[in-house]
Amino acid sequence: MATPILDCRDVSKAFGAVRAVDTVSLTVYAGEVLGLVGPNGAGKTTLVDLIGGEQRPDTGTIHAAGRPLTGAPSRRARLNGLARTFQHPQVALDMTVRENMIVGLVARSMGSLGGMLRQLVRGMAGAGDPGLDLEVDRVAAALGLEAIDRSCMELTLGELRLLEVGRALLMKPALMLLDEPFAGSDARGVSGIRSAIAEILKSGCGVILVDHNVDIVASLAHRIALLNLGAKVFDGSPGECLASPEMQSVYFGSDDGQAGGAE
Ligand SMILES: Nc1ncnc2c1ncn2[C@@H]1O[C@H](COP(=O)(O)OP(=O)(O)O)[C@@H](O)[C@H]1O
Ligand SMILES: [Mg+2]
């Protein structure tokens, strides 16, 4: 059997008394979209932060392509082929769309998005490397991002999300972590993210798609993991997940008193 791109085993993270992620195990294979759903506060972002190296798990192990990632900083996660977008987009607003995307190319080999890197990117963009520009143009066009030499201050939230996806795509990752990529997007943004996921899958990359909206995730994912109160309570096909008593309980509240309450 193929090695999963991502293998999390019994991963936990607490913040004080809150068990944000509670003994979660999951795998993602190449070319697979794993939907990660659950109501607000279920632990989705914390789990993505643990995988991406922004947070360290208290216990458990995380392997990417068979190599241990547990406790590694986000730089190591990137070098091991993980790229991500953030629930609150992390974009340098004082730079252009193109400059922000070139950061993705530079981040293939470097870790920090600090001031020095910004200078470097400005230098590279200024030098007008045609190879880089072409690659950025191709990805931007695939996502429907237009006029990419404008400042990011002019972008809608939906466009900022597309930019983050584009930057992550340029890193040529093995696994892409998309945290709430549809939130705040209009119809154009949503269709751009859909095209982006198709584009990501073409390269054989795996995807973790996080959203509290189960219907949109079910329309794109091959498999869905449902989190509630930090624990994984279901893992299966979208059809099985939507029909499961766990989904009914978590999202619609049934008589077992465990309902988390959807947004
Ligand atoms: N940095 C933090 N400090 C304290 N509590 C946190 C922190 N991050 C998340 N939490 C708590 O952990 C739980 C899971 O949060 P989160 O992972 O953001 O959930 P989701 O992304 O599913 O909405 C929530 O109860 C949240 O308040
Ligand atoms: Mg979240």
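Quick check, is VAL33 at pLDDT 95 or above, over 18 Å from THR70 (Cβ atoms) and open to solvent by less than 10 Å² (accessible area, probe 1.4 Å)? So VAL33 passes the test. Where helices (runs of 4 or more DSSP H) fall wholly inside the range 55-174, the ranges with 1 or more residues that are modelled with pLDDT of 90 or more are 97-106, 130-143, 157-170. When the range 186-219 is examined, which residues are found to be farther than 22 Å from ARG138 by Cα, touching a helix residue (DSSP H, G or I) at 6+ places or on another chain (Cβ under 6 Å) and either more than 16 Å from ligand 2 (Cβ to nearest atom) or polar (S, T, N, Q) (or both)? ASP186, ALA218 - these are the residues of the range 186-219 that are farther than 22 Å from ARG138 by Cα, touching a helix residue (DSSP H, G or I) at 6+ places or on another chain (Cβ under 6 Å) and either more than 16 Å from ligand 2 (Cβ to nearest atom) or polar (S, T, N, Q) (or both).
What about LYS13, is it closer than 19 Å to VAL233 by Cβ, modelled with pLDDT of 95 or more and crowded, with 24+ Cβ neighbours inside 10 Å? Give the steps one after another, and end with the answer.
Details: closer than 19 Å to VAL233 by Cβ: yes; modelled with pLDDT of 95 or more: yes; crowded, with 24+ Cβ neighbours inside 10 Å: no.
The answer is no for LYS13.
Taken together, the criteria place VAL21 among residues that are over 24 Å from SER219 (Cα atoms), within 16 Å of ligand 2 (Cβ to nearest atom), at pLDDT 90 or above and among the β-branched types (Val, Ile, Thr).
Annotation: of all residues in the range 131-161 being open to solvent by less than 10 Å² (accessible area, probe 1.4 Å) and either among the β-branched types (Val, Ile, Thr) or closer than 23 Å to GLY53 by Cα (or both), the one that is farthest from ligand 1 (Cβ to nearest atom) is VAL136. For first residues located in the range 201-227 and among the polar types (S, T, N, Q), partners that are more than 16 Å from ligand 2 (Cβ to nearest atom) and modelled with pLDDT of 95 or more and lie 6+ apart or on another chain with Cβ distances below 9 Å form the pairs SER219/PRO238.
The values are calculated or read from the model by the stated rules, or taken from the named source; none is laboratory data. These numbers come from a predicted model, not from an experiment. Counting neighbours? That spans all protein chains shown, and the Cβs are built from the backbone with ideal geometry, glycine included. Just the protein is used for accessible areas: all its heavy atoms, side chains included, with ligands, DNA and RNA removed. Shrake-Rupley method; radii C 1.70, N 1.55, O 1.52, S 1.80 Å.
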